[in-house]
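As structure tokens, the structure follows; a few thoughts come after it.
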Amino acid sequence: FILSDTPLDRDLEWSDEGIEGCWRFINRIWRLIERYKGAEDSCACTDQENQNATDAFLRTTHQIIHRITTFYDGFQFNRAIALIRELTTALYVVLEAGTIARTTFEEVLKSWTILLSPITPHLAEEMWHVLGQTTFVAEAAWPKANTAYLVENTAEIAVQVNGKTRGTLTISCDASEREVSTAARALSSIDSYIRGRSIERTIFVPRRIINFVCR
């Protein structure tokens, strides 16, 4: 609770509700391990996997590994813990969906356990043992983020008409101005603002904004 609530350079405001919330989160962590290893008949993970879902899951995982490592290095424990919560939620989602292969899921569980070890060392050691490891988690190598997953493939671009945002467009980061313009004009939220009007020029900032100047 102390690590998750406040940056180290600020005063802590004690909260019984905060303590209870952290206790519930710790139990949620443990239930995930139990669900995966102790009740495998109800575990949705299989030996088959959906490649798109796997890529999305691993992208999220490796981005979180990278950011958590940075936050730990900077003693920003509260921000690291917030990301551990985010990863825990992602693990539950894929466990329920059943789109990730068991071997892939367990590798992420091991990384998740190591990420937990600086803040919940005793719990992490027990989790490490439940996952079938015979060494100590304290001796395990720190997870390394795969740089291939740190590069975003898509960008969310604000679509403006005369300087006012009228919609957003998610498109490949490599899309040209022409491709972005075509996709933006096809948006129903944009069509009503440009239909019947003359587009005098287009202002395009890659991966950020496209603005149609109309009259």
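Before moving on, here are some points about what is shown:
- Here A141 passes the criteria (1) over 30 Å from I33 (Cβ atoms); (2) open to solvent by 30 Å² or more (accessible area, probe 1.4 Å); (3) among the small types (G, A, S); (4) outside any helix (DSSP H, G or I) except the one numbered (1).
- Residue match in region 151-167 (condition: assigned to a helix (DSSP H, G or I) and surrounded by 13 or more Cβ atoms within 10 Å (Cβ to Cβ)): no
- A56 being among the aliphatic types (A, V, I, L, M), open to solvent by 20 Å² or more (accessible area, probe 1.4 Å), modelled with pLDDT under 85 and over 26 Å from T147 (Cα atoms): no
- Every residue from region 191-215 that is farther than 28 Å from V151 by Cβ and surrounded by 12 or more Cβ atoms within 10 Å (Cβ to Cβ): D191, Y193, I194, R197, I199, F212, V213, C214
- In this entry, S188 passes the filter for residues that are free of Cβ contacts under 8 Å to residues at least 40 places away in the same chain, surrounded by fewer than 11 Cβ atoms within 10 Å (Cβ to Cβ), over 30 Å from H62 (Cα atoms) and of a type outside the set (D, E, K, R).
- Selection status of T134, among the β-branched types (V, I, T) and either within 19 Å of the chain's Cα centre (by Cα) or in a strand (DSSP E or B) (or both): no
- Residue that is nearest to I64 (Cα to Cα), among those in region 179-210 that are of a type in the set (D, E, K, R) and at pLDDT 90 or above: R208
- Tally, over region 4-36, of residues that are free of Cβ contacts under 8 Å to residues at least 40 places away in the same chain, among the aromatic types (F, W, Y) and part of a helix (DSSP H, G or I): 1
- Being open to solvent by 80 Å² or more (accessible area, probe 1.4 Å) and out of contact with any strand residue (DSSP E or B) (no Cβ under 6 Å at 6 or more places or on another chain) is a property that holds for T103.
- Residues of region 96-109 satisfying the condition of being modelled with pLDDT of 85 or more and under 17 Å from the mean Cα position of the chain (by Cα): T104, F105, E107, V108, L109
- The residue pairs whose first member lies in region 144-164 and is over 21 Å from T60 (Cβ atoms), whose second member is small (G, A, S) and modelled with pLDDT under 90, and whose beta carbons are closer than 7 Å, counting only pairs six or more residues apart or on different chains, do not exist in this structure.
- Scope region 181-215; condition closer than 15 Å to L169 by Cα and either assigned to a loop (DSSP other than H, G, I, E, B) or acidic (D, E) (or both); matching residues: A186, L187, D191, P206, R207, R208
The values are calculated or read from the model by the stated rules, or taken from the named source; none is laboratory data. Since we're looking at a predicted model, the values are computed, not measured. Glycine also receives a Cβ, built like all others from the backbone with ideal geometry; neighbour counts cover every protein chain displayed. Ligands, DNA and RNA are excluded from the accessible area calculation, which covers all protein heavy atoms including side chains. Shrake-Rupley method; radii C 1.70, N 1.55, O 1.52, S 1.80 Å.
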